[in-house]
Structure formats: C-alpha cells, structure tokens
Amino acid sequence: MADVRVTKAFYDLAERVIRKPGDTFSVSSERLDEIESKLPGFVEVIEPKADYSKYTKPQLIELIEERGLTLPKRQNKADLIAVLEG
C-alpha cells in the first residue's frame, strides 16, 4: 500500500471519482503501477514521515549533521526533532 498525491486532475475509472491536484489517497502497488503506466506524472508517492521520537539523541544528531542542518544550542530531544521536521 502506498499513499499518493494527485499532481494533475483526472477521472479515476476504478473508484469513479474525479481526482484533483492536491488530493491524496491510498493505492495498492498494482494500482499505482496501473495509474503510472496509463497516466504518467499524474500522481506522486508520498514518502512516509519518520517517527523521530523512536530515535536516540545520538541518532538525531547524526541525521542533522548528515543533512547539513544547524544543531540547536540546546540539544534536548524535542529541539533536535524540531530541527529535523523544520
């Protein structure tokens, strides 16, 4: 299963609805392949957001450094997560 966002309007024959840019919906991998083959560029896969609360403080710091972001002066977990979600 994947979540997708509509980039160009189209009529979804399988669901019998008009999909407008910005709409989001879930599709199976087979359905996604079908949409992409018949209507290339009409949807984009939405990457799931990471649950940073499950990361350790050192892992959060490493991610921030890898992404070239600025470490906050206070390095409590909540501040580190705020930088990554920023």
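Could you list, in sequence order, all residues of the stretch 21-39 that are within 29 Å of G86 (Cβ to Cβ) and out of contact with any strand residue (DSSP E or B) (no Cβ under 6 Å at 6 or more places or on another chain)?
So the first thing to find is which residues in the stretch 21-39 are within 29 Å of G86 (Cβ to Cβ), and the list is 21-26.
Once the filter is applied, which keeps residues that are within 29 Å of G86 (Cβ to Cβ) and out of contact with any strand residue (DSSP E or B) (no Cβ under 6 Å at 6 or more places or on another chain), the stretch 21-39 yields G22, F25.
Residue check, P48 against (1) assigned to a loop (DSSP other than H, G, I, E, B); (2) without any contact (Cβ under 8 Å) to a residue 40 or more places away in the chain, all met but one. Which one?
Status for P48: all satisfied but (2).
Only one residue in S37, S28 is loosely packed, with under 11 Cβ neighbours inside 10 Å and either touching a residue at least 12 places away in the same chain (Cβ under 8 Å) or within 19 Å of the chain's Cα centre (by Cα) (or both), so which one is that?
S28
Could you list, in sequence order, all residues of the stretch 14-45 that are out of contact with any helix residue (DSSP H, G or I) (no Cβ under 8 Å at 6 or more places or on another chain), of a type outside the set (S, T, N, Q) and in a loop (DSSP other than H, G, I, E, B)?
Residues satisfying the conditions are E15, R16, K20, P21, G22, D23, L39, P40, G41.
Please indicate, with yes or no, whether at least one residue in the stretch 56-79 is modelled with pLDDT under 95 and touching a Pro at 6+ places or on another chain (Cβ under 7 Å).
Yes, the stretch 56-79 has at least one match.
If we keep just the residues of the stretch 51-86 that are charged (D, E, K, R) and part of a loop (DSSP other than H, G, I, E, B), which is surrounded by the fewest Cβ atoms within 10 Å (Cβ to Cβ)?
For the stretch 51-86, the residue satisfying everything is K73.
Determine which single condition V4 fails, assuming it passes every other condition in (1) surrounded by fewer than 16 Cβ atoms within 10 Å (Cβ to Cβ); (2) in contact with a Leu (Cβ under 9 Å, 6 or more places away or on another chain).
It fails just one condition, (1).
Quick one: in the stretch 40-50, which of the residues that are surrounded by 11 or more Cβ atoms within 10 Å (Cβ to Cβ) and not β-branched (V, I, T) is nearest to V83 (Cα to Cα)?
Among them, the one singled out is A50.
The values are calculated or read from the model by the stated rules, or taken from the named source; none is laboratory data. Treat the numbers as computed from the prediction; the structure is a model and nothing was measured. When we count neighbours, we look across all protein chains shown, and the Cβ atoms used for this are built from the backbone with ideal geometry, even at glycine.
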